[in-house]
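Structure first, commentary second.
The values are calculated or read from the model by the stated rules, or taken from the named source; none is laboratory data. It should be emphasised that the depicted structure is a prediction, and the values quoted were computed from it without experimental measurement. We place every Cβ from the backbone using ideal geometry, glycine too, and count neighbours over all the protein chains shown. For accessibility, only protein heavy atoms count, side chains too; no ligands or nucleic acids. Shrake-Rupley method; radii C 1.70, N 1.55, O 1.52, S 1.80 Å.
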Amino acid sequence: MVIKLENVVKVYRLGKVRVHALRGISLEIPRGEYVSIMGPSGSGKSTLMNLIGALDRPTGGRVYIDGVDISRLTDDRLAVLRRKKVGFVFQQFNLIGKLSALENVALPMWFAGVSRSARVHRAKQLLEMVGLGNRLHHKPAELSGGERQRVAIARALANDPEIILADEPTGNLDTSSGMAVIQLLEKLNHMGKTLVVVTHDPEFGRRARMRVKLRDGLIRGIDRNGGT
């Protein structure tokens, strides 16, 4: 299993109040799977995504990413694991406005210590792969929402991660642009990437081969039928 959670609990403190975001989640995601995580607001979807992406640690239980227990890692080793294993795609794109599409995609490789020539070459290849070979030097403000999300997907692939985590990737897009992004993510899954998507869109969610339904911090059902 590339992702494994064992009785995971996550509690946040808001002043004197304890918020139980996850109440005992156990989940196994095979390598190369296509998973959607669905549920109402406050169900724990984003918390679960943060734990799977090693952005946070559980209060209780274990989270394993490719066999590594993230709760036992130092912050530095956790950052290295994220950089090597996980690519993130967010609803708000999270691109740097002053940088071109090429520079945005190359940035994670700079943090990974890749040489300038190598990172520019790979960034060009990735932008061409997502259909933006003619937008290399455009800044985010000069791109449509769909184009910005494709830049974000290319950036997520910069360090060739095994896992792609997408948090509401179509939330700010029109129907046509959203479908193009869905199809691009699914293409990556067909190429062998493990794809985990948090979505409120039931049509998008139903396309996954494995569908996880959350409510009140608990898994209320897992459907493994259908999908693309």
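Just checking, does the range 192-199 include any residue being more than 23 Å from Arg31 (Cβ to Cβ) and not in a strand (DSSP E or B)? No, there is no match, as no residue in the range 192-199 is more than 23 Å from Arg31 (Cβ to Cβ) and not in a strand (DSSP E or B). I want to confirm something. Restricting to the range 164-191 and keeping residues that are touching an Asp or Glu at 6+ places or on another chain (Cβ under 9 Å) and outside any helix (DSSP H, G or I), which single residue is surrounded by the most Cβ atoms within 10 Å (Cβ to Cβ)? Among them, the one singled out is Thr170. Residues of the range 28-43 that are open to solvent by 10 Å² or more (accessible area, probe 1.4 Å) and of a type outside the set (Asp, Glu): Pro30, Arg31, Gly32, Met38, Gly39, Pro40, Ser41, Gly42. Among the residues of the range 2-30, those that are of a type outside the set (Gly, Ala, Ser) and more than 16 Å from Tyr64 (Cβ to Cβ) comprise Val11, Tyr12, Arg13, Leu14, Lys16, Val17, Arg18, Val19, His20, Arg23.
Against the numbered list (1) at pLDDT 95 or above; (2) touching a Phe, Trp or Tyr at 6+ places or on another chain (Cβ under 9 Å); (3) among the charged types (D, E, K, R), Lys124 comes up short only at (2).
Can you tell me which residues in the range 192-203 are of a type in the set (D, E, K, R), surrounded by 14 or more Cβ atoms within 10 Å (Cβ to Cβ) and more than 16 Å from Ala152 (Cβ to Cβ)? Answer for the range 192-203, where residues must be of a type in the set (D, E, K, R), surrounded by 14 or more Cβ atoms within 10 Å (Cβ to Cβ) and more than 16 Å from Ala152 (Cβ to Cβ): just Asp201. Give the residue that is nearest to Gln183 (Cα to Cα), with candidates limited to residues of the range 119-130 that are open to solvent by less than 60 Å² (accessible area, probe 1.4 Å) and under 20 Å from the mean Cα position of the chain (by Cα). This residue is Val130. Within the range 11-47, restricting attention to residues that are outside any helix (DSSP H, G or I) and among the basic types (Lys, Arg), the residue that is nearest to Lys193 (Cα to Cα) is Arg31. Selection within the range 144-163: residues that are farther than 29 Å from Arg215 by Cα and either in contact with an Asp or Glu (Cβ under 6 Å, 6 or more places away or on another chain) or among the charged types (D, E, K, R) (or both). The member of this set that is most open to solvent (accessible area, probe 1.4 Å) is Asp160.
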